[in-house]
């Protein structure tokens with residue numbers, strides 16, 4: 001069951017004439033409803049128009065994309081970066097290149113965006129998988145395998161632990177999708193790269209959507225200069241439409257706004273962590289704006305909706321699978337919003 005709205009939700013959503021608190025979606029920094037951010041988008045549209053009418057390999061290049069890619073590479077502490085019109089396209093370009101470097105070893109539950117056709121996705125836990133993968137790689141040859149994984153699992157509210165990669169003794173290519181970490185994790189929003197172990201034998205390639213934190217339709221791949229140069233030769237890059245230039249303009253101009261919103265988001269996360277401490281029905285990992293709710297016979301989503309609160313509650317990525325109930329915080333929420341939500345959740349989980 002789903003609800004219908006005629007407007008984009010921010011900290012609230014309008015449903016059939018009701019104003020409901022909105023704890024769903026993925027616009028973590030809340031830029032999509034920021035008037036200052038919208039002004040930057042309008043400024044970009046005024047300067048560049050709605051589209052740059054040329055291929056990425058055309059003989060007239062827009063300097064703006066070079067500036068964007070330089071900024072992304074610097075943020076992720078990588079040698080180079082390439083931007084795309086969507087996160088999914090960026091991930092597909094990254095994985096198409098990655099699987100040419102060795103046999104793919106996918107993590108459990110790897111997002112469809114980083115799956116190459118015919119990908120074999122294992123079952124089981126992350127911890128068991130990564131230990132097995134490290135042993136397998138060490139028993140092989142240099143460059144025999146490619147490790148492919150997500151940085152964050154937003155469905156279980158966990159940051160995947162890559163510390164076992166310190167034990168890799170073979171030269172190995174590692175592709176990580178950081179769509180739900182970029183802009184959120186790390187002191188400067190650099191994402192999972194701040195948590196990855198240093199190992200001279202590892203060559204990291206990071207891909208991410210810019211929509212999740214930054215509210216911009218676009219994606220990027222960052223890594224070693226040679227790898228990015230090779231990705232730029234793939235049809236997925238050369239034959240694709242460029243990212244809307246106004247989005248690139250807004251990203252470059254909004255860095256201080258991103259930093260301020262990230263501080264507000266982290267404050268909200270700390271508030272929620274304090275209020276949920278000791279409640280077994282709510283699970284969470286520090287630094288993430290996602291809290292997973294235990295399923296009960298009575299639908300928690302319906303209970304909250306009856307009290308004018310909306311959470312994330314649907315099956316994903318398989319629409320036929322079990323529903324996943326989550327609270328998703330953004331920088332837009334106030335302490336009062338979170339306190340109202342928590343009163344409702346405590347009432348739900350203690351009513352039986």
When P(r) over Cα pairs in 10 Å bins from 0, in percent is calculated directly from the model, which label among (i) 6, 28, 38, 23, 5, 0; (ii) 5, 24, 31, 25, 12, 2, 0; (iii) 5, 20, 26, 21, 17, 10, 2, 0 fits?
-> (ii)
Spacing of the two label points (7 Å from each Cα toward its C-beta) at residue 55 and residue 318, in nm | 4.0 nm
Label zone at residue 294 (point 7 Å along Cα-to-Cβ), backbone N below 16 Å, region 322-336 | 325-327
Could you tell me the distance between the Cα centroids of region 293-352 and region 25-86, to the nearest Å?
-> 34 Å
For a footprinting-style exposure proxy, rank 55, 209, 85, 3 by other Cβ within 10 Å, fewest first.
-> 3, 55, 85, 209
So what's the gap between the Cα centers of region 96-163 and region 182-197, to the nearest angstrom?
-> 19 Å
What ranking, highest mean first, results for peptides 156-162, 193-199 when packing means the other Cβ atoms within 10 Å averaged over each residue?
-> 156-162, 193-199
Ranked list, fewest to most other Cβ atoms within 10 Å of each Cβ, for 342, 243 = 342, 243
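With runs of 4+ DSSP H residues as the only contributors, calculate the mean residue ellipticity of the chain at 222 nm using -39,500 (n - 2.57) per run, divided by the residue total and rounded to the nearest 500.
Helices in the chain give a 222 nm mean residue ellipticity of -10500 deg cm²/dmol.
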When 56, 47 are arranged by how many other beta-carbons sit within 10 Å of their Cβ, fewest first, they go 47, 56
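No value in this document is a laboratory result; all are computed from the given coordinates. Just so it is clear, the model here is predicted, and its values are computed rather than measured. Note that we place each Cβ from the backbone using ideal geometry, even for glycine, and neighbour counts take in every protein chain shown.
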